[in-house]
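Novice: Have a look at the structure that comes next, please.
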Amino acid sequence: MTDQEHIRIFDSQGEAYKQAFQIFLNHTDQKQNAKRWLQQIVDDLPVRQVFIDAGAGNGEVTRAFAPAFDRTIAIEPNTYLLSQLRQALPTAEAIGEPILSAKPSTLGDLVLSSHTFYYIPTEEWLAHLERLVSWMSPTGITIIVLQHRESGCMNMFHHFFSHRFELRRTADQFLAKHRNRYEVITTLNPAHVDTPDLSTTYAVAEFMLNLLSIEHAPRRKDVETYIQTHFAIPGGGYRIPVHQDFLLIRAKGHAFGKGESLTEADTVG
């Protein structure tokens, strides 16, 4: 087997991964759409004193919303990312602990965990969700962001690795335990990757397939065949749906605002 025969396995801190991630960012509206939607949520909050970002990474998302709050608490257990986070947001309270052991000093009006649950064992999702909600202020909101289980990229991930991320199942488990205390809603936020040619689309697909550690790398030609079969569009080019689920939780008695009015029934292709 040669490197050319199989997809590359990235080091998440390496240059190849960063380059692949940048190609993804250059061709998607996912970040833009998510930030626009989250901004509506932030604007609707009755109080904006504390923002808690759990799994803040290098602080990119944290930095986008921190100015709207009096105080920001960012949680990131990865030491490399924590260092970048502290440089990006020197005024934030940075906690280098996992979610289950982190102890924020105060409650948050927005508790956000964006694309973090992939790296948590599925059997621990409910415990992590309950932990995040425990950090929420009485009038606050907790939001979990994850790829929609049947978006184009997740269908591809499932095809090659037989794995799906079932955020809705955890939401149902949470609601079954805490129905009397909380309101829960799942919103679909549509987004796409639009690319002009096969080589660019392959670079994006390779990045997506590196979401988790890879034991057996798929063959390049199999990935290219999948791309041609599922993502090619009439007239040329390629489109990969990368829709995101936003799981929102708020204490009962505090209605969801206008930014939270969509439901999962509002799906798009």
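Novice: Give the cross-link partners of residue 177 among the lysines, using a straight C-alpha distance below 29 Å as the criterion and excluding same-chain residues fewer than 8 apart.
Specialist: Correct list for residue 177: 103, 252, 258.
Novice: Going by amide H atoms built from the backbone, whose H comes under 5 Å of the H on residue 6, apart from near neighbours?
Specialist: 220
Novice: While we're on this one: Which distance in nm do the two modelled labels at residue 118 and residue 48 give, with both placed 7 Å along the Cα-to-Cβ direction?
Specialist: Output for this residue pair reads 2.9 nm.
Novice: Expressed as an acute angle from 0 to 90° and rounded to the nearest 10, what is the orientation of the C-alpha long axis of helix 125-134 relative to the principal long axis of the chain?
Specialist: For helix 125-134, the angle is close to 30 degrees.
Novice: Let me ask something additional. Suppose every Lys and Arg Cβ carries +1 and every Asp and Glu Cβ carries -1, with no other charges. What dipole size does the chain come out with about its Cα centre, to the nearest 20 debye?
Specialist: With Lys and Arg at +1 and Asp and Glu at -1, about 520 debye.
Novice: Let me ask something else. How big is the gap, in Å, between the Cα center of segment 94-140 and the Cα center of segment 148-225?
Specialist: So the two Cα centres are separated by 21 Å.
Novice: Could you check the spin-label model distance between residue 83 and residue 175? Points 7 Å from the Cα along Cα→Cβ, value in nm.
Specialist: 4.4
Novice: Contour minus end-to-end for residue 150 and residue 68, with contour as 0.36 nm per residue of separation and end-to-end as the Cα-Cα distance? Mind showing how you got there, number by number?
Specialist: Working: separation 82, 0.36 × 82 = 29.52 nm, distance 3.29 nm.
Working it through step by step, the gained length comes to 26.2 nm.
Novice: Using amide H atoms built in the peptide plane, which far-off residues or other-chain residues are under 5 Å from residue 136 H to H?
Specialist: Close amide H contacts, sequence-distant or interchain: 108.
Novice: Another question about this same structure. Taking 51 Å as R0, compute the FRET efficiency from the Cβ-Cβ separation of residue 199 and residue 100 and round it to 0.05.
Specialist: Efficiency, from the Cβ-Cβ distance: 0.75.
Novice: Pull out the extension gain between residue 185 and residue 222, defined as 0.36 nm times the separation in residues minus the alpha carbon to alpha carbon distance; nm, one decimal.
Specialist: Using 0.36 nm per residue and subtracting the Cα-Cα distance, I get 9.6 nm.
Novice: Then there is this: Counting Lys +1, Arg +1, Asp -1, Glu -1, what net charge surrounds residue 235 among other residues with beta carbon under 14 Å of its beta carbon?
Specialist: Summing Lys and Arg as +1 and Asp and Glu as -1 gives -1.
Novice: Amide H neighbours of residue 244 under 5 Å, counting only residues 5+ apart in sequence or on other chains, H built in-plane at 1.01 Å?
Specialist: Correct list: 148, 189, 191.
Novice: At 222 nm, what value in deg cm²/dmol follows for the chain if DSSP H runs of at least 4 each add -39500 (n - 2.57) and the sum is divided by all its residues, to the nearest 500?
Specialist: -11000 deg cm²/dmol
Computed from the coordinates by the stated procedures, all read-outs in this text should not be read as laboratory data. The shown structure was predicted, so the numbers you read here are calculated from the model rather than taken from an experiment. All Cβ positions, even for glycine, are placed from backbone atoms using ideal geometry, and neighbour counts span all protein chains on display.
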